[in-house]
Amino acid sequence: MATNGDTSKTTYLLAVGTKKGLWLGTSTDRSNYSFTGPHFLMNEIPSIGIDTRNGATRILVGVRSEHWGPTVAHSDDLGATWSEPENGAITFPADTEAALERVWQLQPDTAERPGVVWAGCEPISVWKSTDGGEHFELNRGLWDHPHRTEWGAGFGGAAAHTVLPSPSDPNTIHIAMSTGGVYRSTDGGESWEPRNRGIGADFMPDETPEFGQCVHKVARDAVKPEVLYAQNHGGVYRTDDNGDTWTSIAEGLPADFGFTMMAHPRRSGTAWVVPITADSERIPPGGQLAVHRTDDGGASWTRLAEGVVEPDYNVVLRDAASVDTAEPVGVYFGTRGGTVYASADEGNTFTPVLKQLPDVLCVRAAAVEL
């Protein structure tokens, strides 16, 4: 908030990527938004990153055009203008004989690592930028991994969809992919090891393989960085040892399938999921869309659906949900039916803030100073 004559004020930014463009909203109360868009009309927006480091706000978007292909664009003026490198922000080296298909994840690193932005892409690969997301370099340790030829494509494609740098150790990074599972580096990305012990994969001959799991999303605990939460293709899990072992926390949920996983930005043990019935139905249980929150690390879950229109048979995709850093924390999600919901009270109540959009692929929110 503005103090000591500072005329800046906190504004809440909500970015919504869809199959046919990007919408950007601003609000002072997280209930009533003013939106611009569609930006990048008729382009798919599968990934968004909001970088508020260095006292500025940069919006990064993965853009996929059926004509021009995929790239990363950025705006430093809330979408009034957009920039992208002439030759593309992410370009595979010639010796890889690969071409970028989609940017699934854009993840700014911590405030202590200014300029560093991570990208997870299709084909399965991880990239690092040191200039705020304008240019990225391929992580060779993962690209040259001996398991790479055995990683498969999930229903939506071969996705490195989660990149989680540790806030306490710059050398520790977790990634997750569909399909392949969770991998961890402890040497800054030079080498990677699978970390899936305890995570099931009942669609494979070996139901507890070393790798090959179809993990859908992973989030890191804000207070205990060695604690992570995972939503898999069948199974909700927690690890307390940086991924060395995982235990199920699905008891109390109406379904153990889903795509999303969100963790509280400040409080340990709090996370949100959106359960989906699978595999034959792929709808919210009973057509009743709801968020579920745990405040005790997955020992129990609370159903949250006040303000959510029912029935709703639409799915919430893996990056179509996020939290902000305000107090109390805001929770946001968008459906494949084009409705976007916002909560200013950690999910206790929701308000629809956008309706009848194309399929919502990605939602990101942040408190920014204007």
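Note down the magnitude of the dipole of the stretch 1-127 about its Cα centre, charges +1 on Lys and Arg C-beta and -1 on Asp and Glu C-beta and zero elsewhere, to the nearest 20 debye.
On the way: 9 positive and 15 negative charges, 95 e Å.
Dipole size: approximately 460 debye.
Rounded if a/c is under 1.5, else prolate if a/b is larger than b/c, else oblate: which is the stretch 177-263, with a ≥ b ≥ c the root eigenvalues of its Cα gyration tensor? It comes out oblate by the Cα gyration axes. Farthest towards the positive end of the charge dipole of the chain, among the residues Tyr229, Gln356, Asn242, is the Cα of Gln356, using unit charges on the Cβ of Lys, Arg, Asp and Glu. Between Thr349 and Ser248, the contour length at 0.36 nm per residue exceeds the Cα-Cα span by 33.6 nm.
Within the stretch 59-121, which chymotrypsin sites (Phe, Trp or Tyr not before Pro) sit in a loop by DSSP and count at most 16 neighbouring Cβ atoms inside 10 Å? Filter output for the stretch 59-121: Trp68, Trp82. So, counting K/R as plus one and D/E as minus one, what does the shell of residues with Cβ under 11 Å around Leu370 add up to? With Lys, Arg at +1 and Asp, Glu at -1, the net is -1. The charge dipole of the chain, taken about its Cα centre with unit charges on the Cβ atoms of Lys, Arg (+1), Asp and Glu (-1) only, comes to about 720 debye. In the chain, taking the dipole from charged Cβ atoms about the Cα centre, the farthest positive-side position among Leu78, Val63, Ala219 is held by Leu78.
For Ala98, what charge total do you get from the other residues with a beta carbon under 14 Å from its beta carbon, if Lys and Arg give +1 and Asp and Glu give -1? Summing Lys and Arg as +1 and Asp and Glu as -1 gives -2.
What is the fewest-to-most order of Thr130, Thr18, Thr172, Thr10 by other Cβ atoms lying within 10 Å of their Cβ?
Working: Thr130 15, Thr18 27, Thr172 20, Thr10 12.
So the residues, fewest neighbours to most, are Thr10, Thr130, Thr172, Thr18.
Once C-alpha pairs closer than 8 Å and six or more residues apart are averaged by separation and normalised to the residue number of the chain, the relative contact order reads 13 percent. Exposure proxy ranking for Tyr332, Tyr313, Tyr12, based on other Cβ atoms within 10 angstrom of each Cβ and starting from the fewest, stands as Tyr313, Tyr12, Tyr332.
In debye, nearest 20, what is the charge dipole magnitude of the stretch 105-145 about its Cα centre with +1 on Lys and Arg Cβ and -1 on Asp and Glu Cβ, if you could check?
On the way: 3 positive and 7 negative charges, 16 e Å.
That gives the stretch 105-145 a dipole magnitude of about 80 debye.
Quick check on the chain: take the gyration tensor over C-alpha atoms, sort the square-rooted eigenvalues as a ≥ b ≥ c, and tell me if it's rounded (a/c under 1.5), prolate or oblate. Show your work: numbers first, answer last.
Working: a/c = 1.35, a/b = 1.06, b/c = 1.27.
The shape class here is rounded.
Shape class for the stretch 221-370: oblate, because the ratio a/c of the largest to smallest gyration tensor axis (alpha-carbon atoms, square roots of eigenvalues) is 1.5 or more and b/c is at least a/b.
Let me have the 222 nm mean residue ellipticity of the chain computed from DSSP H runs of 4+ only, each contributing -39500 (n - 2.57), with the sum over all residues rounded to the nearest 500. Write down the numbers at each step before the final one.
Values: 1 runs with 4 residues, N = 370.
Rounded to the nearest 500, it is 0 deg cm²/dmol.
Summing charges over neighbours of Ile45, with a neighbour being any other residue whose Cβ is under 9 Å away from its Cβ, gives +2 when K and R count +1 and D and E count -1.
Highest GNM mean-square fluctuation among Lys20, Lys217, Lys355, for the chain modelled with Cα contacts below 10 Å: Lys355.
Where a number appears in this text, it was derived from the coordinates with a stated rule and is not lab data. Bear in mind that the values here come from a model prediction, so they are computed numbers and not experimental data. When we count neighbours, we look across all protein chains shown, and the Cβ atoms used for this are built from the backbone with ideal geometry, even at glycine.
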